[in-house]
């Protein structure tokens, strides 16, 4: 038996996004887990089980944040794999798993995959020009109070001519996902953007149905963006190559 904890990225879309390295690692693992509460993952666990040839146990937030020690104990005598959406260490929850495993003397292997942080380059925006990322929460998360720290990050990014990647809140258990329209309305209420500002909405990155929209907020609010996931990007100062790309596809949908 192996003594190892593997944290394996699933990529952006379906079970087909699992890398060959991730697949082979799962096939030799004693137990496999998956969490989908940190990010939207539209793949099928059943199809993933068929692909790997083993059963997969779904983890809830409690399992990784409050009950992690049980999984770590298993990794002291078995090879355990945890599948996560996107790239393994993007979410702070997964970074915490790494820290706790090392504290307990458990070997950890990270198998990387694509994430929204690399996929946003499909919009033509330069990755090195992105500032701090923000997550726009549902109003009930903040008891209808404005998340001022979030808006301040957007303002600071603007001052530094940097782009802001805005992730949209989810309630994975209830299958509730914030739409770009809801996210834009919250941003407008904060006054860190105006209806005349041009922003990017990137939908279903990594899929065959991906769409990219670039327009003034007042026009984007009228659009039905289809099924999730989505992100909003508030551009900072555009390099001429970024502007050239966005202008080429302005007010159109890129497929």
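A quick yes/no check of all residues on (1) at pLDDT below 95; (2) over 24 Å from residue 222 (Cβ atoms); (3) assigned to a strand (DSSP E or B):
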{"site": "125", "(1), (2), (3)": "no, no, no"}
{"site": "145", "(1), (2), (3)": "yes, yes, no"}
{"site": "165", "(1), (2), (3)": "no, no, yes"}
{"site": "182", "(1), (2), (3)": "no, no, no"}
{"site": "193", "(1), (2), (3)": "yes, no, no"}
{"site": "199", "(1), (2), (3)": "no, no, yes"}
Subset of segment 78-100 (residues that are over 18 Å from the mean Cα position of the chain (by Cα) and within 21 Å of residue 23 (Cα to Cα)): 78, 79, 80, 81, 98
Filter pass, residue 50 being free of Cβ contacts under 8 Å to residues at least 12 places away in the same chain, farther than 23 Å from residue 173 by Cβ and in the same structural domain as residue 27 (by TED's automatic domain parsing): yes
The listed residue being touching a strand residue (DSSP E or B) at 6+ places or on another chain (Cβ under 7 Å) and under 21 Å from residue 119 (Cβ atoms), out of 12, 59: 12
Candidate set from segment 1-33 (those that are at pLDDT below 90 and surrounded by fewer than 20 Cβ atoms within 10 Å (Cβ to Cβ)); member that is farthest from the chain's Cα centre (by Cα): 1
Checklist (1) over 20 Å from the mean Cα position of the chain (by Cα); (2) more than 23 Å from residue 185 (Cα to Cα); (3) surrounded by fewer than 16 Cβ atoms within 10 Å (Cβ to Cβ) applied to residue 117, failing item: (1)
Output for segment 183-196, where each listed residue is touching a strand residue (DSSP E or B) at 6+ places or on another chain (Cβ under 9 Å) and buried (at least 16 other Cβ atoms within 10 Å of the Cβ): 183, 184, 186, 187, 192, 193
Flag if residue 106 is assigned to a helix (DSSP H, G or I), touching a strand residue (DSSP E or B) at 6+ places or on another chain (Cβ under 7 Å) and either modelled with pLDDT of 95 or more or surrounded by 18 or more Cβ atoms within 10 Å (Cβ to Cβ) (or both): no
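Results for (1) in contact (Cβ under 8 Å) with a residue 24 or more places away in the chain; (2) crowded, with 17+ Cβ neighbours inside 10 Å; (3) closer than 18 Å to residue 127 by Cβ, shown as yes or no for each residue.
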site: 144; (1), (2), (3): no, no, no
site: 151; (1), (2), (3): yes, yes, no
site: 168; (1), (2), (3): yes, yes, no
site: 178; (1), (2), (3): yes, yes, no
site: 208; (1), (2), (3): no, no, no
site: 213; (1), (2), (3): yes, yes, no
site: 233; (1), (2), (3): yes, yes, yes
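Pick from segment 153-163 the residues that are touching a residue at least 60 places away in the same chain (Cβ under 8 Å) and in a helix (DSSP H, G or I): which of them is farthest from residue 239 (Cα to Cα)?
154
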Subset of segment 120-142 [surrounded by fewer than 17 Cβ atoms within 10 Å (Cβ to Cβ), farther than 23 Å from residue 186 by Cβ and touching a residue at least 12 places away in the same chain (Cβ under 8 Å)]: 122, 126
Tally, over segment 34-50, of residues that are touching a helix residue (DSSP H, G or I) at 6+ places or on another chain (Cβ under 7 Å), surrounded by fewer than 16 Cβ atoms within 10 Å (Cβ to Cβ) and part of a helix (DSSP H, G or I): 1
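The values are calculated or read from the model by the stated rules, or taken from the named source; none is laboratory data. Fair warning: this is a prediction, and the values are worked out from it, not measured in the lab. Cβ atoms come from the backbone with ideal geometry, glycine included; neighbour counts cover every protein chain shown.
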